[in-house]
Amino acid sequence: MAPAMMQAMRYHGKPELRLEEVDVLPLKKGEVRVKVAFCGICGSDLHEVYHGPLTCCLPQAPHPLTGGAIPETLGHEFSGVIEEVGEGVAQDGRLNVGTRVCIEPVISCRSCPSCLVGDTPLCKTQFGLYGYSRPGGLAPYVNVKQTNVHVVPDNVPLDIAALAEPLSVAWHAVACSNFVAGESALVIGSGPIGALVTRVLKARGASAVYVSEPSSVRSAIATRCGADRVFNPLETDVVAAVRELTEGQGVHVAIDCAGTQRTFDAAIEGVRAKGRVVMVALWDKAKLPTVDMWALMAKERTITASCCFASRDMQEVLAALSSGQIRVDDLITDRIALSDVFDKGLEVLRKDPAQVKILVDLKAQAK
Ligand SMILES: [Zn+2]
Ligand SMILES: [Zn+2]
């Protein structure tokens, strides 16, 4: 049984993160209690802590679906084991005490037209997330609705399962491009998401993946993820280089994980006639890019964007991890204790471009 109190890493608004004693909440109808095993730290956590609150809500304007507001327990990339099954959880044998799970963090109304076809992040209500809009995985226990729980296949370890969330973001971005095996791709930016996008494209049979990345450390990560060629955009005309490698045509799809006017232009110019561009990066609303409509029209190129991911993406990711179609174990670059989240997690991620995924191991002691 879970204790009455626990230590949780809670965000209080910029830039305060505190490990503090909180109640282990009673289970509501349809929820399971997950004993957290691993929780990843992500770029969005970094933005939230240093520049937020952005995704977290303020107490005077709590989240419309959850009523959540700061202080909030962070952590939206987590895996664990079911400790307790609440009343009203489906008795279909899927979720039991001891079941190994990972969490799909999107919270939506589940009744609007988008939600009903499984596009939960496109909900008519502003969607919420575990770890921002209700307590997340930077704590020993989290109560999670049964609809947000995925069973982890037996042969996938729980540390790998914690990466199913960011991998689903990359998987969804590739899905948004309508990519099919045998096509070529340009990935712009090889931070944690760009690296995973490269890995997903290779796992799904890309004929070639070219990456544009200025940092030499991150270029090496792109190569490790399977990139066929990596270009430094500060030294090379990436569009020209990509065209040369594709008989003057350009790639089938470009995925922009950097989000600057320059990278956006390169994505558009880098794809061939009828090529597709997907924007994954987040934009500062004060610095939105301009679009060269002529470049679109002349080649009937398409631009779309990818927003978080849907349940089906996580199901496909878990199946791909289980079958060995994709691996991510080499992208876990550090493991830390809960009390070290700020010093050894966020601060390190902010300064060290060699980091891809830092996992918090809930069983580890602070060093
Ligand atoms: Zn994340
Ligand atoms: Zn909805």
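The values are calculated or read from the model by the stated rules, or taken from the named source; none is laboratory data. All of these numbers come straight from a predicted model, not from anything done at the bench. Neighbour counts run over all protein chains shown; Cβ positions are idealised from the backbone, glycine included. The accessibility values were calculated without ligands, DNA or RNA, using every heavy atom of the protein model including side chains. Shrake-Rupley method; radii C 1.70, N 1.55, O 1.52, S 1.80 Å.
Count charges around Gln325 for me, please; just the other residues with Cβ under 13 Å from its Cβ, Lys/Arg as +1, Asp/Glu as -1.
+3
Expressed in nm to one decimal, what extension gain is obtained for the pair Arg262 and Thr223 from 0.36 nm per residue of sequence separation less their Cα-Cα distance? If you can, show how the numbers build up before the last one.
Working: separation 39, 0.36 × 39 = 14.04 nm, distance 2.25 nm.
That works out to 11.8 nm of additional length.
Among the listed pairs Lys14/Lys357; Lys287/Lys357; Lys202/Lys274, which are separated by more than 25 Å between their Cα atoms?
On the way: Lys14/Lys357 23 Å; Lys287/Lys357 28 Å; Lys202/Lys274 21 Å.
Among Lys14/Lys357; Lys287/Lys357; Lys202/Lys274, the Cα-Cα distance tops 25 Å for Lys287/Lys357.
If you place +1 on the Cβ of every Lys and Arg, -1 on the Cβ of every Asp and Glu, and leave all else neutral, what size is the dipole of the range 169-305 about its Cα centre, to the nearest 20 Debye?
So the dipole magnitude of the range 169-305 works out to roughly 380 debye.
Which number do you get for Rg(Cα) / (2.2 N^0.38 Å) in the range 169-305?
Relative to the 2.2 N^0.38 Å estimate, the range 169-305 comes out at 0.93.
In a shell of Cβ-Cβ distance under 11 Å around Cys308, excluding Cys308 itself, what net charge do Lys and Arg (+1) and Asp and Glu (-1) give?
Charge balance near Cys308 sits at -4.
First obtain the Kirkwood hydrodynamic radius of the chain from its Cα pairs, then insert it into the Stokes-Einstein equation at 25 °C and 0.890 mPa s, and state the resulting D in µm² per second as a whole number. Don't skip to the answer; put the middle values down first.
Numbers: Rh = 21.1 Å.
Answer, rounded: 116 µm²/s.
Projecting each Cα onto the charge dipole of the chain (Lys/Arg +1, Asp/Glu -1 at the beta carbon, about the Cα centre), which of Leu338, Gln126, Val142 comes out farthest on the positive side?
Gln126
Please list, by residue number, everything in the range 7-45 whose backbone N is under 19 Å from a paramagnetic label point 7 Å out along Cα→Cβ of Leu54.
Only 10-18, 40-45 pass the distance filter.
For Lys29, go through the aspartates and glutamates and keep the ones whose alpha-carbon is under 20 Å away, minus same-chain ones fewer than eight residues off.
Glu83, Glu84, Glu87, Asp92, Glu104
For the range 18-109, what relative contact order do you get, as a whole percent, if you take Cα pairs closer than 8 Å and at least 6 residues apart?
Once normalised by length, the contact order is 35 percent.
Roughly how many debye, to the nearest 20, is the charge dipole of the range 272-332 about its Cα centre, given +1 on each Lys and Arg Cβ, -1 on each Asp and Glu Cβ, and no other charges?
In debye, rounded to 20, the range 272-332 gives about 340.
Can you work out ³J(HN,Hα) from phi for every residue in the range 104-109, in order, using Karplus 6.51 cos²θ - 1.76 cosθ + 1.60 and θ = phi - 60°, giving whole Hz and x for Gly and Pro?
9, x, 5, 10, 9, 6
How much accessible area per residue does the range 169-305 have, counting only protein heavy atoms and a probe of 1.4 Å, in square angstrom?
Accessible area per residue: 45 Å².
Computed FRET efficiency, Cβ-Cβ of Ala240 and Arg335, R0 51 Å: what is it to the nearest 0.05?
Step by step, r from the Cβ atoms, then E = 0.75.
For Val151 and Asp23, calculate 0.36 nm times their separation in residues minus their Cα-Cα distance, and state this gained length in nm to one decimal.
43.5 nm
Taking only C-alpha pairs under 8 Å that are 6+ residues apart, what is the relative contact order of the range 169-305 in percent?
So the answer I get is 23 percent.
By how many nm would the segment from Thr302 to Arg350 lengthen if fully extended, with 0.36 nm per residue of separation less the alpha-carbon distance?
Numbers: separation 48, 0.36 × 48 = 17.28 nm, distance 3.33 nm.
Length gained, Thr302 through Arg350: 14.0 nm.
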